[in-house]
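This is the structure, below, for whatever I ask next.
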Amino acid sequence: MPPIDVRGRSLMYDDGGDGEVVLCIHGFPFNRSMWDEARLALASRYRVLSPDLRGFGESSGSESWTLDDQANDLIELLDHLAIDRVAVLGLSMGGYIALNLARRYPERLWAMVLIDTKATSDNYDAKQNRLKTAETALREGAAPIAAQMLPKLLSPANAEDQRLIERLNGMMLTTNPKTIASAAHAMASRPDSTPYLSTMALPSLVIVGNDDQITTPNDAHAMVAALPHASLVTIPDAGHMSVLEQPEITYGAIRVFLDQAQQG
Ligand code: MLT
């Protein structure tokens, strides 16, 4: 797809399949290629839209931004394509943005899938770590950030999977260090979505890798308990990257959920 123009910046996206729209929001510091399996798994029944968020992948960046800005860009993309409502799928930082959309643009969503993510904001220590991440990225580039993150991303069952490691490194190492810094600041200043969960009345599915150490099964349970219409799927032998570590099980669960949400 040719990129769209969002106030002078280009936003790149993939768009495939027919049917109700599913908007896939990638995590940090990744890009839209993490959703390649989504198109294979869902596009026979759904139109799968997967953008590169501002500054990531092939989308151009800006000096600094917030998660509100990222959510607003996605609404601009939907407006540009004349799409009224979507099911939103967000992984980790993409989940923070999905929750932002559910809070600020509930009328644009018909279902929500929160994958390896959490509703809470950063505590003091996490915020301090974000500042260090931003400084390191600006000083030394993406490599030390990728090296720090990689051991935390995968389940022990997949920790030696070289294809997966190459794919993750391929995304992380090509992310612009300025984008890494902006994202770290944006995530540090995101609000706690917990108080809003009870107002999110849309059908929701929460997915978590059993071995996710970044956004844990406890985080997932807490969201399911607070969301009015949510169910939980725990993925065995998956860490923080369920959609890449166990694509068949994960997209199988997503597909069943979307089909039910559409009928309901
Ligand atoms: C992500 O995968 O998007 C990040 O791990 C999110 C975070 O650092 O909070």
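The values are calculated or read from the model by the stated rules, or taken from the named source; none is laboratory data. No experiment lies behind these values; they were computed from the predicted model shown. All Cβ positions, even for glycine, are placed from backbone atoms using ideal geometry, and neighbour counts span all protein chains on display.
Taking the range 1-52 only, how many residues are among the small types (Gly, Ala, Ser) and either more than 23 Å from residue 257 (Cα to Cα) or within 18 Å of the chain's Cα centre (by Cα) (or both)?
Qualifying residue count, the range 1-52: 7.
Give all pairs with beta carbons closer than 6 Å in which a residue from the range 180-203 that is more than 26 Å from residue 230 (Cα to Cα) meets a residue that is in a helix (DSSP H, G or I) and more than 14 Å from the ligand (Cβ to nearest atom); count only pairs at least 6 apart in sequence or on separate chains.
Note: pairs meeting the criteria are 181/138.
For residues in the range 188-233 being surrounded by 15 or more Cβ atoms within 10 Å (Cβ to Cβ) and among the small types (Gly, Ala, Ser), which is nearest to the ligand (Cβ to nearest atom)?
Ranking the qualifying residues of the range 188-233, first place goes to 188.
Oh, and also: Whether any residue in the range 121-129 is within 23 Å of residue 175 (Cα to Cα), within 12 Å of the ligand (Cβ to nearest atom) and within 18 Å of the chain's Cα centre (by Cα) is what I want to check.
Yes: the range 121-129 contains one or more residues that are within 23 Å of residue 175 (Cα to Cα), within 12 Å of the ligand (Cβ to nearest atom) and within 18 Å of the chain's Cα centre (by Cα).
Give the residues of the range 188-242 that are part of a loop (DSSP other than H, G, I, E, B) and either touching a Cys at 6+ places or on another chain (Cβ under 8 Å) or among the β-branched types (Val, Ile, Thr) (or both), sorted by residue number.
To start, the set of residues in the range 188-242 that are part of a loop (DSSP other than H, G, I, E, B) comprises 189-193, 198-203, 210-216, 227-229, 236-241.
Of everything in the range 188-242, those that are part of a loop (DSSP other than H, G, I, E, B) and either touching a Cys at 6+ places or on another chain (Cβ under 8 Å) or among the β-branched types (Val, Ile, Thr) (or both) turn out to be 199, 214, 215, 216.
Let's see how each residue does on (1) buried (at least 16 other Cβ atoms within 10 Å of the Cβ); (2) of a type in the set (Phe, Trp, Tyr); (3) in contact with a helix residue (DSSP H, G or I) (Cβ under 8 Å, 6 or more places away or on another chain):
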{"site": "56", "(1), (2), (3)": "yes, yes, yes"}
{"site": "62", "(1), (2), (3)": "yes, no, yes"}
{"site": "67", "(1), (2), (3)": "yes, no, yes"}
{"site": "70", "(1), (2), (3)": "yes, no, yes"}
{"site": "80", "(1), (2), (3)": "no, no, no"}
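Can you say whether residue 154 is more than 11 Å from the ligand (Cβ to nearest atom), surrounded by 20 or more Cβ atoms within 10 Å (Cβ to Cβ) and closer than 24 Å to residue 234 by Cβ, as far as the supplied structure shows?
So residue 154 fits the description; yes.
Confirm whether residue 33 is within 27 Å of residue 166 (Cα to Cα), touching a strand residue (DSSP E or B) at 6+ places or on another chain (Cβ under 9 Å) and away from the ligand (no atom under 15 Å from the Cβ).
No.
Inspect all residues belonging to the range 50-61 and state whether any of them is more than 15 Å from the ligand (Cβ to nearest atom) and among the hydrophobic types (A, V, I, L, M, F, W, C).
no
Determine which member of the set 173, 205 is at pLDDT 95 or above, farther than 25 Å from residue 145 by Cβ and either acidic (Asp, Glu) or in contact with a helix residue (DSSP H, G or I) (Cβ under 6 Å, 6 or more places away or on another chain) (or both).
Numbers: 173 fails: farther than 25 Å from residue 145 by Cβ.
205 is the lone residue from the list that is at pLDDT 95 or above, farther than 25 Å from residue 145 by Cβ and either acidic (Asp, Glu) or in contact with a helix residue (DSSP H, G or I) (Cβ under 6 Å, 6 or more places away or on another chain) (or both).
Follow-up. If a residue has to be of a type outside the set (Asp, Glu), surrounded by fewer than 23 Cβ atoms within 10 Å (Cβ to Cβ) and away from the ligand (no atom under 12 Å from the Cβ) to count, how many in the range 105-120 make the cut?
Selection size over the range 105-120: 5.
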